[in-house]
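All of the numbers you see were taken from the coordinates with simple rules; none came from a lab. All values derive from a computational prediction rather than experimental measurement. All Cβ positions, glycine included, derive from the backbone under ideal geometry; neighbour counts span all protein chains shown.
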Amino acid sequence: MVARVVPVAPFDLVVFGGTGDLARRKLLPALYYRDLAGQLPDDARIIGVARSDLSADAYRERAVEALKSFIPAADLKDACVKRFIGRISYVRVDVSSTDGWDALAALLKGREDRVRAFYLALEPRFFGPICERLKASGIVTPTSRVVVEKPLGDQLASYRALNAQLTHAFDEHHLYRIDHYLGKETVQNLMALRFANALFEPLWNARHIDHVQITVAESVGVEGRGAYYDHAGALRDMVQNHLLQLLCLTAMEPPGKFDPDDVRNEKLKVLRALEPIDGSNVESHAVRGQYAGRNGAAGYIEDVGANDSTTETFVALKVNIANWRWSGTPFYVRTGKRLRSRLSEIAVIFKDVPHSIFPAAAGAVRENALIIRLQPHEGITLLMNIKDPGPGGMRLIEAPLDMTFASSLGIKGLRMPDAYERLVMDVIRGDPTLFMRGDEVEAAWAWIDPILAAWETGHRRPQLYDAGSSGPEDALRLMHMDGRRWLEIEA
Ligand SMILES: NC(=O)c1ccc[n+]([C@@H]2O[C@H](COP(=O)([O-])OP(=O)(O)OC[C@H]3O[C@@H](n4cnc5c(N)ncnc54)[C@H](OP(=O)(O)O)[C@@H]3O)[C@@H](O)[C@H]2O)c1
């Protein structure tokens with residue numbers, strides 16, 4: 001089976017921060033793969049913009065190095081690499097000054113009928129100045145798009161200030177706020193599963209679902225991002241965006257149609273229905289942890305070199321959604337660094353059968369669970385009880401109904417496209433369905449702020465946990481208190 005590829009319209013994609021890590025590791029490889037798939041029209045161009053004094057050829061050499069570093073050699077086809085590199089040019093612009101903007105305008109001149117996209121792959125403090133200068137230099141066309149990445153603020157007030165800078169220069173429909181989790185194949189499949197099958201939706205509510213667990217576990221530590229991370233912490237860095245977005249897609253009502261605003265309206269309603277966690281209930285609903293060193297490996301404190309840091313590298317929350325569908329069914333979310341494995345999944349745990357007809361000797365009837373795995377091994381598994389095959393009488397065992405995409409579709413070695421491939425093409429297509437609208441980000445911060453405030457005014461430090469474990473003891477207790485337990489963090 002070959003994936004269907006619909007070429008996008010001709011475009012000029014300007015990558016501010018074109019020499020940076022995000023551009024090298026994610027954007028250039030994603031664009032290369034789309035070129036390889038035949039999705040980029042002949043007239044598509046990529047313009048790297050940064051402060052470094054580079055010729056276009058030197059930048060192209062860096063681009064080739066990036067492809068070699070982040071794409072397996074077997075996928076680097078000479079003809080495609082040549083074609084791809086031929087699309088690339090470079091302009092030196094110091095975005096905090098007026099230098100270089102004329103050269104960028106000159107490069108874009110005469111191509112106003114192409115889709116024009118500006119990807120801001122640099123620090124958010126530059127977003128406002130860049131937007132103003134884009135406007136002032138007359139290179140914004142009516143269909144231009146601006147793409148921005150997290151971190152979008154560090155609390156509600158700073159998000160509002162940043163967003164005001166963006167919306168001062170651009171209308172909402174020009175703005176594409178990326179959360180790359182939304183571009184993951186399985187996340188989109190979650191919507192297909194829920195809304196294209198009659199099977200699950202009647203059961204998708206508090207009457208049939210006991211609880212939902214959302215886990216985003218990393219095995220790595222702060223990896224050179226210590227300065228940023230020590231200011232942010234797991235709640236800001238992961239929960240405010242990725243985990244809340246996953247929660248919204250799991251909990252939202254069916255939208256009227258698969259249309260950007262219909263989908264985002266439904267997600268916004270979920271965010272607005274989240275019960276607050278604040279000083280009154282933070283102890284019973286939120287756990288924060290920090291990894292400690294183990295077996296000679298450095299702990300967080302050593303990693304960031306700040307002895308008194310109270311930054312959390314782990315968060316677990318019990319989230320209640322106050323609406324008819326979910327009242328009484330908690331969503332437990334957790335994320336952390338230096339955990340046992342790298343694993344991201346949504347687990348929907350159904351209620352027990354009302355009564356078991358089987359004798360004790362048959363074994364326990366386990367609750368059904370639908371596991372939507374984002375990484376590694378993207379796929380969906382439904383855990384069912386079946387009879388242990390054979391003549392040995394009625395014995396129940398748990399068996400997975402496996403919908404791992406590569407095996408279900410009969411494709412060996414299927415490469416799952418990276419989220420950025422899908423999302424960058426959506427930007428060019430002008431489809432913001434999988435991007436966060438401004439009011440969603442605002443609602444997420446409005447819910448996060450009281451947790452941050454409660455932690456700041458509380459006296460408890462984050463609980464230490466061993467690197468390589470499943471997180472702090474208190475996170476286990478959060479579930480045990482409700483008579484539940486986390487699934488293992490097992491890749
Ligand atoms: N890396 C990721 O995977 C990732 C993922 C999600 C979000 N983000 C966010 O994306 C942003 C960029 O991250 P990054 O990791 O790519 O950072 P980075 O590696 O430090 O790259 C920063 C880029 O900004 C450019 N730059 C800095 N000051 C400039 C100026 N005055 N004028 C023009 N260009 C300037 C740099 O150009 P020169 O090198 O030429 O100075 C470089 O290309 C950050 O806000 C980060 O939090 C990154």
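Per-residue 3J(HN,Hα) values for segment 247-258, derived from phi via the Karplus relation 6.51 cos²θ - 1.76 cosθ + 1.60 with θ = phi - 60°, read 4, 4, 5, 6, 9, 5, 6, x, x, x, 8, 7 Hz in sequence order (x marks Gly and Pro).
Across q = 0.09, 0.16, 0.18 Å⁻¹, segment 332-473 modelled as identical point scatterers on its alpha-carbon atoms has Debye log10 I(q)/I(0) values of -0.54, -1.19, -1.24, in the order of the q list. Database remark: amide H of residue 469 closer than 5 angstrom to the amide H of 340 (H placed geometrically; neighbours at sequence offset of 5 or more, or on other chains; Pro and chain starts carry no H).
The slack between residue 439 and residue 377, meaning 0.36 nm per residue of separation minus the straight C-alpha distance, is 19.0 nm. The 3J(HN,Hα) values that the Karplus relation (6.51, -1.76, 1.60; θ = phi - 60°) gives for segment 442-455 are, in residue order, 5, 5, 5, 5, 4, 7, 6, 3, x, 5, 4, 5, 5, 5 Hz. Gly and Pro appear as x. Using a simple spin-label model with pseudo-atoms 7 Å out from Cα toward Cβ, residue 481 and residue 308 lie 2.9 nm apart.
Put a dot 7 Å past the Cα of residue 453, heading toward its Cβ, do the same for residue 111, and the two dots end up 4.8 nm apart. Segment residue 78..residue 160, full-extension length gain: 24.9 nm, with 0.36 nm per residue of separation and the alpha-carbon distance subtracted. Exposure proxy ranking for 284, 344, based on other Cβ atoms within 10 angstrom of each Cβ and starting from the fewest, stands as 284, 344. Taken as Cα centroids, segment 136-183 and segment 201-264 sit 21 Å apart, rounded to the nearest whole angstrom.
Within the straight-line cut-off of under 26 Å between alpha carbons, the lysines reachable from residue 26 are 68, 77, 82, 150, 184, 337, 412, sequence neighbours fewer than 8 places apart in one chain being disregarded.
Suppose a student asked you for the relative contact order of segment 166-306, using Cα pairs under 8 Å spaced at least 6 residues apart; what percent would you report? Intermediate results must be reported in sequence, preceding the final value.
Numbers: 63 pairs, mean separation 29.7, N = 141.
The value is 21 percent.
Rg and Dmax, both from the Cα atoms of segment 261-325 and both in Å, are 17.7, 51.
Normalised radius of gyration (Cα atoms, divided by 2.2 N^0.38 Å) for segment 142-228: 1.54.
In segment 1-73, Cα pairs under 8 Å separated by at least six residues give a relative contact order of 44 percent. In the chain, the ratio of gyration radius to Kirkwood radius, Rg to Rh, stands at 0.98 when only Cα atoms are counted. Across the chain, the relative contact order, built from alpha-carbon pairs under 8 Å that are at least six residues apart, equals 18 percent. For residue 351, the residues whose amide H sits under 5 Å from its own are 209, 210, ignoring neighbours fewer than 5 places away on the same chain, with H placed 1.01 Å from N.
Amide H to amide H, with H built 1.01 Å from N, residue 46 comes under 5 Å of 13, 88, 89, counting only residues 5 or more places away or on other chains.
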